Amino acid sequence: MAAAAWGAAAAEETKAAQEEAAHLGRGAGANAANPLAWKYAERALSSALASPLLLLSLLSTRVIPSRRLKPTAYRLYMELLRRHGFSFVSQIKGPNFKRTMMLVDDNLQLSKIFGFQAYEPGVFIVAYVTCTLWQLLDAALDDEDLLELTPEKKAKWPTKPQDVSIIGERISNEPRVEHSEKLHKMNTKISVEIIGHFLRHKVISRLLCLARENMPSQWGSFASRLHLLATKSSALRNSTVSVQLFQRLIAGDWNILGKECKQNRKLEVRSLISFGSRTLGGYCLGASPSALWIPIDLYLEDCIDGSVAATNSIELLSGLVMTLQAVNGSTWHDAFLALWMASLRLVQRERDPHEGPVPRLDARLSMLLSITTLSIADIIEEDEALVDGMEVDSQLKDKAAGGKRCKDLVSSLQTLGDYESLLAPPPSIISAANQAAAKALMFVSGINVGGGYTENININDKALNCPGNLRHLIVEACISRNLLDTSAYFWPGYIAGRINQIPHSISSQLPGWSSFMKGAPLSQSMVNSLVSNPAASLAELEKIFEIAINGSDDDKVSAATVLCGASLLRGWNIQEHTVRLVVKLLSPPVPPDYTGSDSHLINHGPMLNVLLTGISSVDCVQVFSFHGLVPALAAALMAICEVFGSCFPSVSRTLATGEEITAHAVFSNAFILLLRLWKFNHPPLEYCILGDGAPVGSQLTPEYLLLLRNARVLSPCKPAKNQAGHKAMSTDTSLPSPHPIFMDSFPKLKHWYRQHQACLASTLSGLVHGTPVHQNVDGLLRMMFRKINKGGNQSVGPVLSGSSSLSTSSGAGSDDTCVRPNLPAWDILEAVPFVVDAALAACSHGRLFPRELATGLKDLADFLPASLATIVSYFSAEVTRGVWKPAFMNGSDWPSPAANLSIVEEQIKKIVAATGVDVPSLVAGGSFPATLPLPLAAFVSLTITYKLDKASERFLNLAGPALENLAASCPWPSMPIVAALWTQKVKRWSDFLVFSASRTVFHHNNDAVVQLLRSCFSATVGLSGTSSISGNGGVGSLLGHGFGSHFSGGLTPVAPGILYLRIYRCIKDVSILAEEILSLLMLSVKEIAETTVSKERSDRLKRTKHGMRYEQVSLAAAMTRVKVAAALGATFVWLSGGSRVVQSLIQEMLPSWFLSVHDLDQEGGSGPIVYMLGGYALAYFAVLSGMFAWGIDSTPVSKRRPRVVQSHFEFLASALDGKITLGCDWALWRAYVSGFLGLVVECAPSWVLEVGLDGLKRLSRGLRRWNEDELALALLRRGGVEAMGTAAELILAGE
């Protein structure tokens, strides 16, 4: 009873204190001249008789608006605020604090102004602190007439009295106006000093940090006022407050706001996570800090593999650079420089690539001069978008919008000039580099050449002594996208000297883009000139595009030829627009006056055929892939295939040159190009069976490509970014159709695709005698084997249920005038599997000679080149079934590889020598002839019949990779045999074929793959492994100089990184790779600890309080190498398995690893350091893998991220709560948790927002038990408005 009575009395007392505070607030505001009222208020606050929060909030809304009339009251208010304004802990613990919050909120309108309910203690305190400082800030600005310069042009809270009549009355009664004005000016200075005092206050600065994190729009307005005060206020300049304090606050540099706010960063190993290496230079044992950017080199090299990707390289590359910049803690200067150098290494690595159906120099130059430049534009535009989204004044916005990143871009390009060896242009583009240098030279010299056109510059003119390099081309690419201006031409050392007059070799009369833009017609000489020289601006492309749409038939063909010329592959400055215009032109609009019953596409047949052949090269397809246009290109090709595949071959158009373009030709070019965009010859259930273990790219199917295309069309935020052009070059180069497209829109294609899937999944069936398909099969077989049918009594016939593959020759079969079937392409493709099956069965039974089989298949492919795709898919399926007897490559029935096989074996051993992998003997014992599965032997024989010329190139670009994939899936040594056979016919492809054969060494041996990965880690980190090229580590050891025999001495060992990037797509279950990479990472950490930190040093660290003082260099070197190894492992996991394997890694593999027992110090030579380094390595490995797969933006690339992040945070919280028993070492676990959470908080704060508040609280409690108070607070600080209250309470607890 006594306790209850005492509690009731206490409540009454508190309520009375609140009422007293309200009364005091009203009284002090109304009786400002009465000193007794202020003394009473001071005594009440000192004695805790009144609530400071309530009293000061009431005073603020009464005193601040009247501060000019009552300067003494304002001075006294500021003194009360300084003494009692920010002591919150005792007030929060009060029983009626909730009522106090409601009264203050009602008075200051906190919930309404800040947009959230300020009824939770921590949230309320943050809002109150921000409001109080904002009131002082607005008052100071208003006193100096600066408030009009804010975006709102008014104060957030009242700063002027509302009753004008009272103002006049009180002014007239003021006896000492001059003294009042002097006091008012002094108050302004004091208010600025009070603002500075509170900004330096440890608790207040941290609470403001919460406001900055969780109230971005309001904070933008607040920061703009701070900026205005810092730059315009005379009171600030006359005060004792440093202007830098405000500037640092605006920049968000919280760690330097006073001594007490600095984090207590001792020199421990943990601090190396953030501060181990900040620059590209610097000395480190083994791997240097520059090796931390290796993921960029790996990604760029992976893009040049030749495998078509449906992703946008611009977005992926910009995201990768932003991730590494955040994780490495580097400046944007270093990030941009690392990106430029990686792109330059990509070009220099294959200055003269080997021939074959693989990307060559053009694709690498596109990556350097187009994709890299556009990625940087993306990075800068994102920074500008962040500034645009803040409520800041235009002056601050102009200062912040991309300014820092643009300056860092300029400095990085200036520094790039020091790397002369990287900037040397390949021979094929020396002319372009010299033209870029000549353009700068003439600009600096003040010479104007034909409106800026430099296509007619003769670089051999002695007056133009200006050798160019790759930096000149890079600068031109940046200028064209408004990332730089022409002031770059004046950089020191950019050009040498000046000239005084236009060289005589320059003529404006030659046909070219300048004369074309002036109205010259598309004559043949003009077309030749435009094809040879890339367009310089978007306006030129648009004019060509208009001609292609609305010109005459001949002009349409000419315009299409120009678009697919140099502007496509060498027009680096406008390439993003060229590729989109080409895709748009592949789907020309229906003319308004078109009334035909057939598709309007038929009338565009000649133009479409020119486009299809013009973009069919491997480099062109790769460029479309870089720009993320594979889904859009596939949709356009599907429509062309649907229309022209339904036409009879008699439908044709004749060009002015006399060339006839048939429907079969257009269809074949479109169909083969379409099939190259996905892995059409792989079993359709491959990725379904393997699940997360399927290699990246397995999911590429027609439906998936359309799904991606539709997602981009319907996404409201993607088009601008996908176009990837800078603002000044915006144009209507969007996708042809803004509506979704589905497979049902293409019934013929859908029917073929279903048949194709059935062919891959099971043996052929369903051919019924007398049906149209059976008749078409008969007709095609008679066409293919008409010479055989004519000379004997037997002919090859279709395989029916239970019948032989031979049928009695008919009269039609022995007719000399056997004509080709007049069938639409879709009907032919439907019959082709049965045709090839019958021919192969006849050959297997000895009824058909191998040479006749190859000749017949070649006749079929010549009749309809698109049938080559179906032949490939049939052979791919039959090889996997293993039902055919082997073919003996003895030189009589089938061609023999014996002449080249031993040479191929020797070259394969040389290529893989750097990995330490043993190459199995190609022919056991050497006494038996080589054998191949019959379908593979037939396909090899078919491909050998093709001539390696331009006409056959687009078909071999399909058949070559398909042959390699088919041979790789067969038993060893099938691919080396194929390589030996092909090198006998095509010497120019020998390097490509031998390298392809060397890759199959790893396809058939998982142990060899593990050994290759081990070589990659050893080479990169600089460990003593089996790799003969490990050296000091870094990207040079990992990727070397590429591959080829253009080096002196012929073929050289290929760097392990190149080998891995070329073989991982053929590994069936990449989820196993992730486990191996995890094991190799920990093995590398163990070796790093043993080689870098001796046991004596480890013991000394354990005994010495400030051990880092003595061993900082060694630990820094070890930490750098650990980070490099983790970055390498994360990149391999991401590139190999994509987001699915990353999800499995974080959700399954890592938790299982922590639950198991691991002894990393079995020999006892490393001590606890190996466990610390191991924990940090795993933290980097996990975080980087997730960042690479899902990004660090607030909008995740994949919907997997929130689920995976939530799951892993739950695992961490449960372990910290003691609900999970761990098997790993405690030091390793602590290092992992602190490292993982520290990286996420600093580099990927958006991840924290995806974790529930309960999980964050549990993690925070666990971290505080480890005395990791700063990390616990940082975690809550990033948790959004929901966690802001808990974070504020944690801050106040340490007050």
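The values are calculated or read from the model by the stated rules, or taken from the named source; none is laboratory data. Given the structure is predicted, the values throughout are model-derived calculations rather than measurements. Positions of Cβ are generated from backbone atoms using ideal geometry, with glycine treated the same way; all protein chains shown enter the neighbour counts. The accessibility values were calculated without ligands, DNA or RNA, using every heavy atom of the protein model including side chains. Shrake-Rupley method; radii C 1.70, N 1.55, O 1.52, S 1.80 Å.
Would you list ILE903, ILE911 from the most to the least accessible area, probe 1.4 Å?
Ranked list, largest accessible area first: ILE903, ILE911.
How much space per residue, in cubic angstrom, does the convex hull of the C-alpha atoms of the range 897-1022 take up?
Residue-normalised Cα hull volume stands at 115 Å³.
Mind grabbing the accessible area of PHE222 for me, 1.4 Å probe, Å², rounded to tens?
The accessible area of PHE222 comes to roughly 0 Å².
Taking the Cα centre of the range 562-650 as origin and charging only Cβ (+1 Lys, Arg; -1 Asp, Glu), how large is the dipole, in debye to the nearest 20?
Value, rounded to 20: 220 debye.
For GLY468, enumerate residues with amide H under 5 Å from its amide H, sequence gap 5+ or separate chain, H modeled in the peptide plane.
Result for GLY468 returns ASN434.
Shape of the range 549-621 from its Cα gyration tensor (a ≥ b ≥ c, root eigenvalues): rounded if a/c is under 1.5, otherwise prolate when a/b > b/c, or oblate?
prolate
Probe 1.4 Å, all protein chains in place: accessible area of LYS189 in Å², nearest 10?
80
Taking the solvent-accessible surface of protein heavy atoms with a 1.4 Å probe, what is the per residue accessible area of the range 811-890 in Å²?
Here the residues of the range 811-890 average 37 Å² of exposed surface.
Taking all protein chains as present, what is the carbon and sulfur share of the accessible area of the range 314-357, in % to the nearest whole number, probe 1.4 Å?
Carbon with sulfur: 51 percent of the solvent-accessible area.
Report TYR419's accessible area, 1.4 Å probe, all protein chains in place, as a number in Å² to the nearest 10.
The accessible area of TYR419 comes to roughly 80 Å².
What list of ³J(HN,Hα) couplings, whole Hz, do you get for the range 907-915 from phi and the Karplus terms 6.51, -1.76, 1.60, once you set θ to phi - 60° and write x for glycine and proline?
With coefficients 6.51, -1.76 and 1.60, one gets 5, 4, 4, 5, 5, 8, 4, 6, 9 Hz.
Could you work out the local net charge near PHE849, counting Lys and Arg as +1, Asp and Glu as -1, over the other residues with Cβ closer than 12 Å to its Cβ?
+1
In this model, which of LYS543/LYS584; LYS93/LYS1257; LYS910/LYS987; LYS518/LYS584; LYS909/LYS1068; LYS1123/LYS1199 are farther than 22 Å apart at the alpha-carbon?
LYS518/LYS584; LYS909/LYS1068; LYS1123/LYS1199
Could you work out how far apart the two model spin labels at MET743 and ASP485 are, taking each label as a point 7 Å from the Cα in the direction of the beta carbon, and quote it in nm?
Label-label distance for MET743 and ASP485, simple model: 5.4 nm.
Apply the Karplus parameterisation 6.51 cos²θ - 1.76 cosθ + 1.60, with θ equal to phi minus 60°, to every residue of the range 358-365 and state each ³J(HN,Hα) to the nearest whole Hz, in sequence, with x for glycine and proline.
Going residue by residue, I get 9, x, 10, 5, 4, 5, 5, 5 Hz, with x marking Gly and Pro.
Name the long-range amide H neighbours of ALA887: under 5 Å, sequence gap of 5 or more, or other chain; modelled H, no Pro or chain starts.
LEU932, LEU934
Mind ranking LEU780, LEU522 by accessible surface for me, highest first, 1.4 Å probe?
Putting LEU780, LEU522 in descending order of accessible area: LEU522, LEU780.
Which of the residue pairs LYS112/LYS156; LYS70/LYS182; LYS39/LYS189; LYS404/LYS439 have a Cα-Cα distance greater than 21 Å in the structure shown?
In this structure, LYS39/LYS189; LYS404/LYS439 lie more than 21 Å apart at Cα.
Under 19 Å from a point placed 7 Å out from the Cα of LEU1253 along the Cα-to-Cβ direction: which residues of the range 1272-1295 have their backbone N that close?
Under cut-off, by backbone N: 1272-1293.
Three principal axis extents, largest first, for the C-alpha atoms of the range 855-906, in Å?
Projected onto its principal axes, the Cα set of the range 855-906 covers 38, 26, 23 Å.
For ASN1267 and LEU1222, FRET efficiency with R0 = 25 Å and r from the beta-carbon atoms, rounded to 0.05?
The calculated FRET efficiency here is 0.80.
Could you sort LEU823, LEU1222 by accessible area so the largest value comes first, with the probe set to 1.4 Å?
In descending accessible area the options line up as LEU1222, LEU823.
Give me the number: length gained by fully extending LYS182 to VAL883, i.e. 0.36 nm times residue separation minus the C-alpha to C-alpha distance, one decimal in nm.
242.0 nm
At 7 Å along the Cα-to-beta-carbon direction for both GLN247 and SER1194, put a label point, then send me their distance in nm to one decimal.
2.9
Using a Förster distance of 41 angstrom, determine the FRET efficiency expected from the C-beta separation of ASP593 and ILE944, and round it to 0.05.
0.20
Just to verify a number: FRET efficiency for ASN238 and LEU149, C-beta to C-beta distance, R0 = 22 Å, to 0.05?
For R0 = 22 Å, the calculated efficiency reads 0.70.
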